[in-house]
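Every number here is computed from the coordinates shown, using simple stated rules; none is lab data. From a predicted model like this one, the values you see are computed outputs, not experimental measurements. Note: ideal-geometry Cβ built from the backbone for every residue, glycine included; neighbour counts use all protein chains shown.
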Amino acid sequence: MKSKQIKIGITGQSGFIGEHLLRTLNLDDYFTVVPFERHYFEDKAQLESFVKSCHVIIHLAALNRHEDQKVIYKTNIDLVKYIINACEKTNASPHVIYSSSTQELNDNLYGRSKKEGKLLLQKWANETAGKTTSLTIPNVFGPFGKPNYNSFIATFCHRITHNETPEIHVDSNVSLIYVNELVANFIGVIKGTIHTDKINESVFEYHVPPTSTKKVSDILALLIGYKANYLEKGIFPSLENEFEKALFNTFRCYIPQDHYPVFFQKHTDPRGMFVEIARTNTSGQFSFSTTVPGITRGNHYHTRKAERFAVINGKALIQLRKIGTDKVINYYLDGANPSYVDMPIWYTHNIKNIGDTELVTLFWINEPYNPKDADTYFENV
């Protein structure tokens, strides 16, 4: 196993992209993440200590929306200046990776703030021993984005899953990248596996390519289909297409907590009982387990897989906890009324036999297990 070699600090690590980047970096022993909190910008000593500790700083912190555009501009410029001033005060020379936007070219104060922030960092790098790489990023979507803030997809998902009506303001083609794919770009720049445009020895730029271009109305149609078929009927969509799998995993994270457990329809006759566990338009793996009383299985999470736990005999406690948070969600299932819970990505989960008899659980997952690419990370709930 590789020892940790690169110390990385992330400003804005509690934001949408930052949260995904932080969790992914923590899976790789090549990196050590240096803690950062928002109030460091207001505490010179804390910020100076932070920049001195980092080999790489990924600057994500920014204000995207505010009723006063001038506040957006000033805030974003000031955040860049705070980092530069801290580096100059401590003679720190980290590689600052700057999160810019395709709005750089737009005639608005947010776009200007991103472009001018980039230029400030380039000036700093040229005049010091520092280095900066600017990443121009297309529209990003993925789980845990804030509705009405991070992306229209987050807004659509939240409204559809909460029985509200989404609205299309401009039905255009939108260039998109899934947040997991964007994180892979950041890591590639850090490790040097992605070729960036070299401006000079200190300054580099990289235009992150979108991975899909979709019409807004087509995306909305897919999401409405997920509600009608998956949320209301329990039918999994096809997960063969990478964009649609990413969109489906995004949609699932907005499903209200009280949607689960979902009870199966039982068909009984003198022979016994029949229950359909999952209907799917995709491939996958079905399995079952028996668990003796008091035993807990699982305590792991996935970053891309869709998975269903179905209890058909015995009593179970299924627990979930989003990685990076403390809140534990508890679901109590009883085979007398067979039911299931689907596991969102980035939620560690387990199942415990809390009854006095053997627990029988059926499992479905959209990918057969591959030990070389298991997408299974162990962490206690």
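Each of the peptides 131-144, 64-77, 343-356 was scored by the mean count of other Cβ atoms within 10 Å over its residues; in descending order, highest first, they stand as 131-144, 343-356, 64-77. For a modelled paramagnetic label at Thr102, 7 Å from Cα along Cα-to-Cβ, the residues of segment 122-157 in reach, with backbone nitrogen under 12 Å, are 136-141.
Of the residues Leu120, Leu239, Leu176, the one that moves most in a GNM of the chain with alpha-carbon contacts below 10 Å is Leu120.
Paramagnetic label reach from His55 (point 7 Å along Cα→Cβ; backbone nitrogen cut-off under 12 Å): within segment 90-125, residues 95. Projecting the Cα atoms of Phe288, His302, Tyr260 onto the dipole axis of segment 257-378, where Lys and Arg carry +1 and Asp and Glu carry -1 at the beta carbon, places His302 farthest toward the positive end.
Rg of the Cα atoms in segment 224-381, relative to 2.2 N^0.38 Å, amounts to 1.02. With the convex hull drawn over the C-alpha atoms of the chain, the volume per residue is 157 Å³. Under the convention that each Lys and Arg Cβ holds +1 and each Asp and Glu Cβ holds -1, the size of the dipole of segment 1-47 around its Cα centre is about 160 debye.
Positive-end ranking of Pro35, Ala92, Gly335 along the dipole of the chain, with charges on Cβ about the Cα centre, is headed by Ala92.
Modelled spin-label separation between Lys227 and Ile354, with each label point placed 7 Å from Cα along the Cα-to-Cβ direction: 3.2 nm. Relative protection proxy for 230-238, 17-25, from highest mean packing down: 17-25, 230-238 (other beta-carbon atoms within 10 angstrom).
Under 21 Å of direct C-alpha separation, and excluding same-chain neighbours fewer than eight residues apart, Lys214 reaches these lysines: Lys146, Lys227, Lys245. Taking the centroid of alpha carbons for each part, segment 307-381 and segment 246-281 are 14 Å apart. The label point for Asn126 and the one for Asn64, both projected 7 Å from the Cα toward the Cβ, are 3.1 nm apart. The packing ranking of peptides 162-171, 213-222, highest mean first, is 213-222, 162-171, where packing means the average number of other beta carbon atoms within 10 angstrom of each residue.
The distance between label points at Leu27 and Ser14 comes to 2.4 nm (points 7 Å beyond Cα on the Cα→Cβ vector). Structure remark: mean-square fluctuation, Gaussian network model of the chain, C-alpha springs under 10 Å; the largest value among His55, His39, His300 belongs to His39. Beta bridges from DSSP with both residues in the chain: antiparallel share about 65 percent, rounded to the nearest 5.
Of interest is the spacing of the C-alpha centroids, which for segment 122-138 and segment 26-51 amounts to 19 Å. Between Thr75 and Ile194, residue separation times 0.36 nm minus the direct Cα-Cα distance comes to 39.8 nm. For Tyr260, nonlocal amide neighbours, meaning residues 5 or more places apart or on other chains whose placed amide H falls under 5 Å from its own, do not occur. When only alpha carbons are used to place a centre, segment 190-240 and segment 147-165 end up 17 Å from one another. Excluding same-chain neighbours fewer than eight residues apart, the aspartates and glutamates reachable from Lys44 by a Cα-Cα span under 20 Å are Asp78, Glu88. Stretching the chain fully between Glu240 and Lys215 yields a gain of 7.0 nm (0.36 nm per residue, less the alpha carbon separation).
By the count of neighbouring beta-carbon atoms within 10 Å, fewest first, Arg252, Arg271 end up ordered Arg271, Arg252. Our summary of shape: the Cα atoms of segment 227-296 have principal axis extents of 44, 32, 26 Å, ordered from largest down, in whole angstrom. Extension gain for Asp334-Thr282 works out to 15.9 nm (0.36 nm per residue, less the C-alpha to C-alpha distance).
As a quick test, which of the pairs Lys70/Lys115; Lys327/Lys372; Lys115/Lys215 have an alpha carbon distance above 21 angstrom in this structure?
Violating the 21 Å Cα-Cα cut-off are Lys327/Lys372; Lys115/Lys215.
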